Every structure is written in C-alpha cells, then in structure tokens.
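Okay, so here's the structure we're looking at.
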Amino acid sequence: MITVANRIYVNKEYAEAFEKRFRERAGLVDKMPGFISNMVLRPVNDGDPYAVFTIWNSRQDFLNWVRSDEFVKGHAQSGTLPKEAFSKSNVLELNEVVQDSARPNLEPEPHGGPFNMH
C-alpha cells in the first residue's frame, strides 16, 4: 500500500475556486484498479499548501493511473485556474505504508526505490 500527497500552494483569493474544482472533479480515479481513497485537505495556516491525498493498494496501481488515458481526462480541468492561482510549484510525495493501525495484518509495501513518474 502507498500514499501519494500532492501539495498544492494556492493563493488565498483562489481557494474557493480550487475547492470547487475538486468537488466537481470527474471522479475517474475512483474506478481505477487498486485505488482506495482520495482526500482534499485544506490548510489551516496561511501559506501552507492544500494536500490532495490518495491511497493505493500498490505503487504499480498508482503508476498505472498516472500512465492512463483516464489520468489525462481527469486532469483536463487542471488548467481552468490561472497561473496566478498558485504561489509556487506543487510538490508530489509518494510514501510506502509500513504499518497501518486500521489494518494490523497489512503486509508492508515492498521498498520500491526512488519514485519516477514516467
């Protein structure tokens, strides 16, 4: 199991439009094999990023998503906010789940080495 956090730095005046975009998202990721969950987390401190947090059964499941036609379609609306909406570039973090208290019998994700999107 892996988690993916996309930390997105949104300027305050675009926060409502950013959140609306996710509420109205295409939802294509929800149908992907190995997809478990998607959360959009709002920062509580000024200047901190939003976190778009997904959970996947495996690294390969996530890679299949980012290499899919559905990924391209699902992100087509990403360009609907102007460049000024973002204060800096997003940061993508992939983590391998070693332990999960909700799943005590979970086998740790095998160490897959550095993450390469392509």
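The values are calculated or read from the model by the stated rules, or taken from the named source; none is laboratory data. All values reported here derive from a predicted model rather than from experimental measurement. Here the Cβ positions follow ideal geometry from the backbone for every residue, glycine too, while neighbour counts run over all protein chains shown.
Applying the selection to segment 73-108, what residues are in a strand (DSSP E or B), small (Gly, Ala, Ser) and over 30 Å from Asn57 (Cβ atoms)?
Quick first cut of segment 73-108, residues in a strand (DSSP E or B) only: 86-96.
Subset that is small (Gly, Ala, Ser): 87, 89.
Within segment 73-108, Ser87 is the sole residue that qualifies.
Selection within segment 1-53: residues that are of a type in the set (S, T, N, Q) and in a loop (DSSP other than H, G, I, E, B). The member of this set that is nearest to Leu63 (Cα to Cα) is Asn11. Residues in segment 39-46: is at least one modelled with pLDDT of 95 or more, surrounded by 15 or more Cβ atoms within 10 Å (Cβ to Cβ) and in contact with a Pro (Cβ under 9 Å, 6 or more places away or on another chain)? Yes, the conditions are met somewhere in segment 39-46. Within segment 48-66, track down each residue that is without any contact (Cβ under 8 Å) to a residue 40 or more places away in the chain and out of contact with any Pro (no Cβ under 8 Å at 6 or more places or on another chain). Once the filter is applied, which keeps residues that are without any contact (Cβ under 8 Å) to a residue 40 or more places away in the chain and out of contact with any Pro (no Cβ under 8 Å at 6 or more places or on another chain), segment 48-66 yields Asp48, Gln60, Leu63, Trp65. Number of residues in segment 52-87 that are of a type in the set (Lys, Arg), surrounded by fewer than 16 Cβ atoms within 10 Å (Cβ to Cβ) and either under 20 Å from Phe35 (Cβ atoms) or at pLDDT 95 or above (or both) equals 2.
Just to be sure before I move on: is Glu16 of a type outside the set (A, V, I, L, M) and at pLDDT 95 or above in the structure I sent?
Numbers: of a type outside the set (A, V, I, L, M): yes; at pLDDT 95 or above: yes.
It is true that Glu16 is of a type outside the set (A, V, I, L, M) and at pLDDT 95 or above.
Assess whether Val91 counts as being of a type in the set (A, V, I, L, M) and surrounded by 10 or more Cβ atoms within 10 Å (Cβ to Cβ). Yes: the conditions hold for Val91.
Mind listing whichever residues of segment 54-63 are part of a strand (DSSP E or B) and not aromatic (Phe, Trp, Tyr)? Lay out the reasoning, then the answer.
So the first thing to find is which residues in segment 54-63 are part of a strand (DSSP E or B), and the list is 54-56.
Those that are part of a strand (DSSP E or B) and not aromatic (Phe, Trp, Tyr): Thr54, Ile55.
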